[in-house]
Structures are given as structure tokens and as C-alpha cells.
Amino acid sequence: MTLEVADECTEKEIDVIGLGCSKESFTEHLEVEKLIDELRTSAQHQTNQTDIRLVERNWQRFSFILDQYQEQPHLIDSHLDGLLTKIINIIREEGLDYEVKHVAFRCLYFISKVRGYKVVARHLPHETADLEPLLHYLENQDPGVQLKWETHYGLLLWLSIVVKIPFHLQRFDTSTSEPIMERILNACKKYLAGTTKAQDMAFYVSAIYLTRPDVKDSYLPGFINWAHEVLTKDSAQFKKGVLSTLAGVFKHGQREQMMEHAHAVLRTILTIKFQPSELLIVKKPLVKLTQRIGLIFLKPRVASWRYQRGSRSLAANLQQTSQPVETKAAISVNDEDDDDYDVPEEIEEVLDEILQALRDKNREVQYSAAKGIGRLTSRLSKNFADQVIESIMELFSLRESDMAWHGGCLALAELARRGLLLPQRLSSVLPFVEQAMLYDELRGNFSVGSAVRDAACYLCWALARSYDPSLLQPFVHQLAKALVITTVFDREVNCRRAAASAFQEHVGRQGTFPHGIDILTTCDYFAVGLRKNAYLQLSLFVAQYEEYRPHLIQHLVDRKVIHWDTVIRQLTSQALHQITFLDPESMKVILSTQILPRCTNPELYLRHGSILASGKVISALCQVAKDHKRRLPDELGDATMESIIQTCVDILEERFWRSFGGDQMRIAVCHFIQDLSSGGFLLPDAVVDRWLRALRECLASADSNVQQSAISAVTALIGEYFRHQPVEKLTALLNHFLPQVTSNIQQARVGNALALGSMPRFLLTVSLPKVIQQLCTCALITDKTLQWAESRKNALTALSLVCTTVGIAPSSPGGVDQATLAGIFRTLIDGLEDYTVDSRGDIGAIVRESAMSSIQVVLVLTNTSQPELLEADLIRSVLHAVAKQSTEQIRRTRLLATNVFSSLIYCDPTIPHIEQLEELRSIIPPPPLDISTEKECFDLWMKVMRLDTYRKAVITGLVSSIGSLTESLVKSSSAPFMSYLRQLVAENRLDELNLVTRDILNVFQENLNSVRLMPYIFNFLDHLLSSGCLDSVFKSMSLSLLTLIRTEMTNGGKPLKLLISSVDLYCHLLRGDQVTFDKSIIHLLNLLVNRFPRVRKITATKLYETLLTLTDISPSLANHQDDILAILSDTDWDEDVEALKPVKTQLRSLFIPPTLNP
């Protein structure tokens, strides 16, 4: 048995490729224009209100189309003017419904989201005549109405281009209102406190407006004072808007004019102490503002000392294969520094704040800080910039958090992209990069570090794009090793893909990685998506190259064997198993010096991973010795053999099994035993006996994973070390397992039953009849073992395994004879009737599924070797039982049963005695069947139900499906069944309809007093009789049906739900013949005086409704119908039963006149 390792979540792995990436032009522009036009026409065609539904439908289609251009927004540029003109015309039109204009603004926002608000703003109209109406419209809006935020956003977006008009705004003032400059500023201030997307546009507009030449002198100082008040008093969201506005002001304003305000604003943001809850919101705009102030203090210049690579060509690295690639020499770095350039003192404070932001928990804040570091460093002197890099490198300390490492990687990547990380610094930076790519810190039951590794891969990607190959040549080995390890062995898919992308960039840009093209084409972005594939396939491919193999092995041994994730440790052991075949000599040394000594380490992770790894490596070394045809001691050496044997004893110490993580240790030891047994490792008998005792203990474990591992291990152990033992010892060994199969402990049964079925043939044939007898006993349901469905499931599976192992051979002493085979089939067929229910639900389903799978195996095996043992009654019973399971409630069971049934009828050679075989093959396709929906399954079996042989079996299963409480299942199962019955009536095939009703009544009769099935039968009959499908034959069957119902309801006490269900059936029976009517009325009258008030009220209500709809009634009843209905409706059925008995007597006299009373 190999370790089963679950793949990562598929939802995390699958890449959703948008339709936009395949577009060549804006093909739907005419439809989009038409949708916009319909906004106006939909309003004009209404007399009172706008048809909002039509507007919303058009907008939904509009957004769907534009969503496809998210990745190629430039395709809509040629049509942008036309679209925006139509939208603006709708907005400008007076008298148009406000809701229509709001949808127009939604369309405007959607276009800006796809194309970008800056591009859209340039295409909006910006005439001077637009200013006053636009401002008036904006002033009339209420920022508190958040549902209209698209309108607010669109108005502010339009205002952002209008406020750029090249005229002094005082020209637009009128004497009747306040200055327009103040109105614009006040309108923007209102939206800075918002929590919607309109706030982003508000601070963008405010920043552009406040940096106008005619505004900044008059209103900017006042705005800064107002901002100071907001930052000390108001909400965090308001502070965010103000800080973002100030950052925009310092970005768009001229340096000379902003200098006078920079110091004051810097002092303000440094002195104000924001609350921790506020920092979550304001930290990013605060960092942006800080870096923008820092840029104001520094003169704009291009650092003469920066590294410039010059022209870069991918083609140059790929043109030649054997000849060295020509590369252009890097432009020499100017070592001259601007010593006379004075750096203001405030820069140190700015840099300190930004460096602190690199440690922030918010990734957006970190990235903003990294870009700020790059912008500021590009304006500093060489010595000062070198100090900044030193400060960044201090973040790569074991004392720092994972956030600091992440921020440091981002900052170095920004510096490398801008040429500010000089080549002479690479030797000190790259060791930290290598550490960051392996960063993984355990925090409780999870780890942090995936973001650090991702950022480190981004830094490697930036290095590949920024530096000349000759400069990175000394570090090629270091970078290639780290990237390959992360590509194939990282736990997270995003890190593996980031490393693969960085590796690809180095191969393309640098062209110096060993075997780069070969590795790149195999370990590409998509291939590393599945973790299991990366560990077991891609790593083996990379390990064939000697440049990478030692590092891959050492990384697995040093880091992944002791990884905190159990799945990673399992994958690591399997990867080491495969790599051992490539380099067995190195693995021998590593096994004896590093892995084996850690198998008894007190730390659980290290001990567990080492045991798994050592087992896999030893198994591989045993196979290598067999391939080389050498003795194992000669291959491994005496010292290693002794060390392994000693480890086999030490890992079974009680302190490892009974302490924390004991179940994990048991699983690891079971795999270790299995690996050494399958490899044929030589062990003393004392060690084997001790292992066997440990495995018997594991077979009785409460953990199913431990049991499964122990089953595989004990099978391998016995198959390897007991094959040549005498019969006496084998008998004694078998006698250890046989009593446990019928133990009084459930878990002992569960594990030992399956283990017994998995035993090798030489052990089973020692006492085969007793083995099968014990398994059959384990599969029986008794009062004590009623809830032990798992043990019965494993016993049935074990029976099929035993038959497969020893074969069906009556004439052979070691095979299954005819009598034993008959007993096996009886046990398996009985298993198909296991409907045990506990708190988990229908747990008998797993027994029935195991029985069906086992029947298929044993039946096919018998048909292949001894078909004469198969009798007609047996085949009929099997097929009927499987057909019944094919139409029952549980979807998984139905699908398995249908596939088993299909496998049996298409078996090669053909199974004898299958009735109506050709008709079955014409209906059911060969396996495997893809029945994805309930409707497909029931439609298929409706066709099988038309065959006389299988009709009753299908109906038996349908009873539980149609009678269930699941609405979707009832609909899917009843629709084809009722359709079939209606077809019989329409075609006047009443004989066949009578056969169906006969089978239904037989199913009812055979299951009388069945606590499980009777509620389903009652619900099934209610659905059937309500549908009217049986009206043509109902009178002939009504008396028989009434007899069955009466028999069921009069045998012992019945649950309340069944009493209520019987009311519906009695009411349906009133449509039968006169005898049935009279007897049903008597039962209904008795229910009217039932001891449960709920039953009485429901009976009265149902009887009242039935009498209203009853058409075929006797003349005597017709005369009293009004009196009966009045009594039923006026009587208080909550009264005492004794008070209701006279009412019952009165109703009986009205229903059945005294002359007709029996």
C-alpha cells in the first residue's frame, strides 16, 4: 500500500481564463450603444413610472459584455467617445426619470472600471458651460444615500476634468450665490467622509482642484488647517479621505509651492497618534502622504550613480545553443557622488516611517512603502542610498517577523527594478534572498511564510530583468538551486508558480541556468499546479541533473522530512524513495547519518517524518540490491544493517505510542513495516514477532487511518516473513486473527475482518472453511451488533477478497467449494437488506454498497472459472436485489447499483440464466455509466420496469424514493413513473396496469409491520392515488388496498406520523366501491375520536375536503352531505373524546343509514 496523499483544492488550482483574452476588437459596440439608447426609450414609453425591470435587464447585459474586456480594455478606445456621448446626453436630458439617470451613471462607472478612470475622464465633455449645471447636480445629491454611489462617482469623475478648464474660476461667480470656488471645495469635502467608491474619486478631484494656480493660494492653506482638525477629531474613514487628498495634492502640486506646507503637514501626521483600529484604514494613505512629502523635500533628479543595464534582448539569449551568447556590456556605474547635495533632516524621519511601514501586516501598505523607498532612494546620494539598503537588510533578521521579511523583499525588488541596488551589493543581498525563499515559521497548527517566499521569488524575477548576465554569473548556482527547490517542493501553489515564473525569466533573460530550457519546458507554470505532481514527477525529472540533485535531497532531508504538515512529510518520503534509485550511494550515507538517528527523536514531527522517509529509502535500497543481484548486507554494510534493525525495535517503544501524536506514529510505523516487508529486508524472528503484536494492536484502533495502514502492513509482513513457515505456526498465526473477527469489540472486528480477507493464499488455505465461516458470522446482524455497520461492510469486502485470492475451485483442496460458495452468496444477498439507521442516518448504505461490489466480484469470478455452479434462482435473486438498489434514495448507492447491474449483464463470458438479457442490453448501456442526474437514472429504470421479470424489483426501490421526504428526489422519481402509468391508460393497456397494481399490493403485503418501509409505502400510495393515474382500475383494487391498510394499522401501536398518513389513504379509498366506502368511513370516524387532538383535527379537515370533491356518491349520502359538512366544520375537535363520541355516532348515522349498518 502506498501513502495516499490528497491533492490540493481544485478550486485553488484551476485558472479561470477570461473571455476577454481572446478578443480582437470591440465587436459588441453596436449592441452596447443600443442598450444605452433603450435607457431613454424605456422611460418615454411609460405613462407613470419607468419600467425599472427593463432598465435593470439592459444594465445587466451591458455589464456582462464589458466584463469580457477587463484584460484588453484598449479595444474599446475607438468607441469610447460614442458611448460616453450617449450616456452624457441621458444625464443632461431634463425631465428624465432619476432612476434612469442613475443606471446611466452605473454604466459610466462600469466603463471607467474597465478602461480606467483617468482615460475615461479625458473623453468626457469639459466645456465651461458644463461647470455650473454639473456642480448644481452634485450639490443636490445626498452622500448619505449609499445606494446611489455610482451617481456620486460619475458626477465627481466628470468634475475632475471640468475643473481643469484654463480660466480663472472667479469669472463664473454670480452675485446671488457663494463663490463657485468655495462651492466646488465644499462639494468635494462632503464626499471625503464617505465609505463608498465615490470617496476615491472625491480625493482625486480635490487634489486636482486644490493644485490649480488660482485655488492653491486662496484655499490650500485653509484646507490644510481643516485637514488638521479632521485628523484629530473625526472618524477613521474621514481621515482616510483627507490623507488621500493631501497625498494627491503633494503629488500633483509643484515642488516650490508645496515646500511651504510640507513641514507643517509632516509634523501633523508624525505627532498625531492614530488608534490601532484606525491604522487599519488610514495606514496606506498615510504612507503615501509621507513618501510624497519626502519627495517634495528632495530635488527631482536622476541618480547618476544608478546601475543601467542598457538594451536587453530575449532573442540574444536564445539565438545560439553551442556558441556563447553575446551580451552588451553594462553601462559603467558612475562612482562620483554628489557630496555637495544636502539632504534635509526631515528625510530621515520620512524614511524611518516608511521603513517601519515595511513591517506592517497589510500587504498593500507594504507594497506602497516599497514603492516609496524606490522613489526616495532615486533622489538620494549614493552614500545615503547605501544606508537605506543597509536598513532594509536589517529586516532580514531572525528577530523580525514574517511581515518584515516580506516588506524587505518587496523593497529590494523595487530598488533592483530601478537600478538602485548596485551590483556590488548583490553578494550581501542574495544570501538573504535564499533564506527568504525557504522561510517557513510554525504558529500553532499553521505556519506563516508563504507571502515571504512569494515576495522572494518576485525579487529573483526582478533581478533577472535588471542585471547583465555577467554580473549574476557568480550567483547562478545559488539562484538556480533556490528557485528549483521552491518550484518543485514548496507547499503553496502560488509560491511554486512564482518560482517557476522567476526561473523562466532567468532562463530567458540571463540564459545561464544549467539545463534551463529542459527544466523550464517540463516544470512550467501549469505543471507545478498540482503539489503531488511537483513532488513525485517534476522533482524526479530535475534530480536527474547532478547540478541539482544533491541540493534537492538535502533540502528534503533538512526541511521537508520535519515539516509541520503531515501531507508534506508523506510526499517527502515518496520523493526520497524515487530519488534513491538515481543516487543510492549518497542516500546510504544520508540514511545512516541523518535519517535513522532521528527516528527516535522526542519531537513528533521530526520522528514521524524520519520514520516515513527511512522506510521508503530502505525499500528503495533493497530494490537496488536486487537489481544489482547483491546481498543486502553487502549493499548496505553491516553497520547500517545493525542500525536499521535497532531502529525497528526502538520505534515501538511505549512512550512513542502512548504520547501525543500516537496515532500518527502508529501510521508511520505501519508504513515502515510495510516498506521493509515489501523490500524483503532481513529481520530476526524476534523483531518480526514484536512487529506482529504491534500490528494486531493497530488493527483494533479506533482511527480508521491506523487500521487501513495496519491492514496493508500485516499483509506485507506475513507475505514476506511467514511464507516458508510450517503449518503448525501458520495455524497458530491464523488463530490469532479468527477470534477477533467475531470479537465483542466493534473496532477489533472492523480491522481484523479486512485484514483476514487480505491475507496471502498460503495462510488462508490452512483453514479456509473456518475463515469464511467467521467472516459470514461477522456479516450477520444481531441485536448486539446492529449498529456495527462498518464491521459488516469490511466482512463482506473480505469475502470477495478471499474468493479472489484462493479462487473458486470445488475440486481443489485450497479453493472455495460449492457449499461454501452458496453460503457466501446468501451472506452477500442478505447484506443487500441492511438498512440500519443511527444518528448519522442510513449507515446500512455502506453495507449494501459493499455487498453489491462483492457480489459483482464473486459472481464474475465464479462465471469465469466454474459457471456450472451458478443456478437460475441465484442469478434471479442477485439481479432483483441489485435492481431494487438502483431506484432507492441515496444517489451514490443508485449509481453503484446501476453500474454493477450493467457489468453483470455485459459480463464476458455471459453469465448464464439472466432472464430477458437481450432486452436488458437494449435498454442499459455498457459500463461505466455516466448518470449525472436523478432524472437520467429513473428514466433508465422506467424502461427496465416494463420487463415483467424486473417490474416488482424496480417498484420496490421506487417506493422508498417516491415516498421519501426530499422534494427533488420525489419529483425526479415520480415524474417518469406517473408518466408511464398515464401512458398505459392512454393506450388502454389495462392488463399491464393491473400487473403494476398487483406488484404494488404485493410489495405492501410483503412489508407489513415494517417500521422502516411502511412510512415510505404510505407516502408512495398517497402520491400515486393523488395523481389520478389509477382511476381506471382503482375500484377493482380498492378493497384489497383497504384490507392491507387496515391490517397494518390494527397490528400494535403505530407512530403518530403513520396515523396521519393513513388519514390520506382512507380519504382516497372513499372513491372506491360502496363496500370500500363504508369500511373506510368507519375507520375515519374512529380516527375522529382518536386520543390525539392533532389526528382528530387533521381527519376532520381531510374528510371535509374529500367530501367537497367527491362526485360519485350514493343518493342517500347526497341528501345528508350538507349536514355532514356542517358538523365537520363546526365541531371543536380539541374537546374531550367523550364529548365527541355523540358527534361520531351522529356522523355514522348520516353516512350509513341504520338500515344499512352492518
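By its C-alpha gyration tensor, with a ≥ b ≥ c as the square roots of the eigenvalues, how is the chain shaped: rounded for a/c under 1.5, else prolate for a/b larger than b/c, else oblate?
Because a/c hits 1.5 or more and a/b fails to exceed b/c, the chain counts as oblate.
State the Cα centre-to-centre distance between region 1107-1153 and region 181-205 in whole Å.
Cα centroid to Cα centroid, the span is 76 Å.
Between the helical axis of 198-210 and the dominant principal axis of the chain, each derived from Cα atoms, what acute angle in degrees is found, rounded to the nearest 10?
For 198-210 against the chain, the angle is about 10 degrees.
Taking the Cα of Q1146, stepping 7 Å toward and past its beta carbon, and measuring to each backbone N in region 1084-1123: which are under 15 Å?
1089, 1120-1123
Starting at the first residue of region 771-776, write each ³J(HN,Hα) from the Karplus equation 6.51 cos²θ - 1.76 cosθ + 1.60 with θ = phi - 60°, in whole Hz, x for Gly and Pro.
With the stated coefficients, region 771-776 comes to 4, 5, 4, 5, 5, 5 Hz.
Using a simple spin-label model with points 7 Å from Cα along the Cα→Cβ vector, what separation in nm is obtained for E585 and D930?
5.2
Please work out the C-alpha center-to-center distance from region 770-829 to region 56-91 and express it in whole Å.
If we compute the Cα centre of each part, the gap is 70 Å.
As I understand it, the value is the acute angle between the Cα axis of helix 52-67 and the longest principal axis of the Cα atoms of the chain; what does it come to in degrees, rounded to 10?
On a 0 to 90 degree scale, this one is about 70.
Just to check I understand the Karplus step: with θ = phi - 60° and J = 6.51 cos²θ - 1.76 cosθ + 1.60, what whole-Hz values come out for region 455-470, glycine and proline as x?
5, 5, 5, 4, 5, 5, 4, 5, 4, 4, 7, 9, 10, 5, x, 5
Which whole number in µm²/s is D for region 449-545 by Stokes-Einstein, with the Kirkwood Rh taken over Cα pairs at 4 °C and 1.567 mPa s?
Translational D for this selection: 100 µm²/s.
Sort 393-399, 687-693 by packing, meaning the average of other beta carbons within 10 Å per residue, with the highest value first.
Highest mean packing first, the order is 687-693, 393-399.
Shape call for region 914-1000 from the C-alpha gyration tensor, a ≥ b ≥ c root eigenvalues: rounded (a/c under 1.5), prolate (a/b greater than b/c) or oblate? Kindly include the intermediate steps, with their values, before the conclusion.
Details: a/c = 1.69, a/b = 1.05, b/c = 1.62.
Oblate, because a/c is 1.5 or more while a/b does not exceed b/c.
Can you list the lysines whose alpha carbon sits under 29 Å from that of K532, skipping same-chain ones fewer than 8 residues off?
Straight-line reach from K532, under 29 Å: K12, K481, K560, K588, K616, K626.
Cut-off under 26 Å on the C-alpha distance; same-chain residues fewer than 8 positions from K34 excluded. Which lysines are left, in chain and number order?
K23, K86, K101, K113, K118, K148
Give me the angle, in degrees from 0 to 90, between the Cα long axis of helix 493-509 and the longest principal axis of the Cα atoms of the chain, rounded to the nearest 10.
50
Determine the shape class of region 591-740: with a ≥ b ≥ c the square roots of the Cα gyration tensor eigenvalues, call it rounded for a/c under 1.5, and otherwise prolate if a/b is greater than b/c, oblate otherwise.
Oblate is the answer for region 591-740, as a/c is 1.5 or above yet b/c matches or exceeds a/b.
First select every other residue whose beta carbon is under 15 angstrom from the beta carbon of L169; then total the charges, Lys and Arg +1, Asp and Glu -1.
-3
To the nearest 0.05, what FRET efficiency results for L1110 and S865 with a Förster distance of 51 Å applied to their C-beta separation?
It comes out at approximately 0.20.
Q257 to E348: FRET efficiency via 1/(1 + (r/R0)^6), r the Cβ-Cβ distance, R0 25 Å, to the nearest 0.05?
0.55
In sequence order, what are the phi-derived ³J(HN,Hα) couplings for region 483-488 according to the Karplus relation 6.51 cos²θ - 1.76 cosθ + 1.60 with θ = phi - 60°, rounded to whole Hz, with x for glycine and proline?
Per-residue couplings from phi come out as 5, 5, 4, 5, 4, 9 Hz.
May I ask you to list the chymotrypsin sites (Phe, Trp or Tyr not before Pro) in region 68-175 that are in a DSSP loop and have at most 15 other Cβ atoms within 10 Å of their Cβ?
The qualifying sites are F167.
Quick check: pseudo-label points 7 Å beyond the Cα along Cα→Cβ at E56 and Q1005, how many nm apart are they?
In this crude spin-label approximation the distance works out to 5.9 nm.
For a protection proxy built on the mean count of beta-carbon atoms within 10 angstrom, sort 557-566, 1049-1058, 423-432 highest first, please.
Highest-to-lowest ranking by the protection proxy: 557-566, 423-432, 1049-1058.
Throughout, read-outs are computed from the coordinates displayed, never taken from laboratory work. Quantities reported herein were computed from a predicted structural model and do not represent experimental measurements. A quick note on method: Cβ atoms are made from the backbone with ideal geometry, for glycine too, and the neighbour counts reach across all protein chains shown.
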